[in-house]
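Remarks on the structure that follows.
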Amino acid sequence: MALTSKRQDFYLQRIDQHIESLLENLSNLISNSKINDKTATSREEFHLALHSNNIVHSAQALQQIISELKISTLLHDFPTMQAELGLEQETCRTNMEKTQKTLTRIQQEIRASLNELEEHYDASQCRTTT
């Protein structure tokens, strides 16, 4: 990737922060939720809603980081893109050469078959003389 070391560290730090937040809020959400407890207080409900919101926020922040990294890669990673294009061009050239060789071989086989058919026709008695 064409990211500098500082940018990589910055993105890694942001990713770590959001993943830690996501895990912490998920853990708190699970510990605060009680199955079959119909007497949940408004405070408990508030905590559950808060942890749920924090999980959504962390997930959205991670999606934003992924989007930034994709855009950065698309806009700034020219050497890798050029290398991939070079490989693709080489593959196309190789396929073109194989196809040309195959077509040449088929053309020669057709020519030989036509000559053989003409010789057979010329030698046959079914040929009408004009």
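Using a Förster distance of 41 Å, how high is the FRET efficiency between Glu90 and Val56, based on the Cβ-Cβ distance and rounded to 0.05? With R0 = 41 Å, the Cβ-Cβ based efficiency is 0.35. Along segment 81-95 the Karplus relation, 6.51 cos²θ - 1.76 cosθ + 1.60 evaluated at θ = phi - 60°, assigns HN-Hα couplings of 5, 5, 5, 5, 5, x, 5, 5, 5, 5, 4, 5, 4, 4, 4 Hz to successive residues, with x for each Gly and Pro. Angle of helix 5-32 to the longest C-alpha principal axis of the chain, folded into 0 to 90 degrees and rounded to 10: 60°.
Only the Cβ atoms of Lys and Arg (+1) and of Asp and Glu (-1) were treated as charged; on that basis the dipole of the chain about its Cα centre amounts to roughly 260 debye.
Report the relative contact order of the chain, percent, no decimals, based on alpha-carbon pairs under 8 angstrom and at least 6 residues apart. Intermediate results must be reported in sequence, preceding the final value.
Numbers: 39 pairs, mean separation 37.2, N = 130.
Normalised by residue count, the contact order of the chain is 29 percent.
Would you calculate, for the chain, the mean residue ellipticity at 222 nm contributed by helices, counting each DSSP H stretch of 4 or more residues as -39,500 (n - 2.57) and dividing by all residues, to the nearest 500?
On the way: 3 runs with 109 residues, N = 130.
Here the helix-only value at 222 nm equals -31000 deg cm²/dmol.
Among the listed options [x] 48.4, 157; [y] 29.0, 103; [z] 35.1, 111, the one matching Rg and Dmax of the Cα atoms in Å as calculated from these coordinates is [z].
Multiplying the residue separation of Phe10 and Glu45 by 0.36 nm and subtracting their alpha-carbon distance yields 9.1 nm.
Could you work out the longest stretch of the chain that avoids the trypsin sites (Lys or Arg not before Pro) located in DSSP loops with at most 12 other Cβ atoms within 10 Å? Answer - 39-126. Distance between the pseudo-spin-label points of Ile71 and Tyr121 (7 Å out from Cα toward the beta carbon): 6.9 nm. Mind checking which of Met96, Ser58, Phe46 is farthest towards the positive end of segment 42-97's charge dipole, using Cβ charges of +1 (Lys, Arg) and -1 (Asp, Glu) about the Cα centre? Final value for the positive-end residue is Phe46.
Values in this text are rule-based calculations from the coordinates and carry no lab data. These numbers were taken from a predicted model, which means no experiment stands behind them. As a convention, Cβ positions derive from the backbone with ideal geometry for all residues, glycine included, and neighbour counts pool all protein chains shown.
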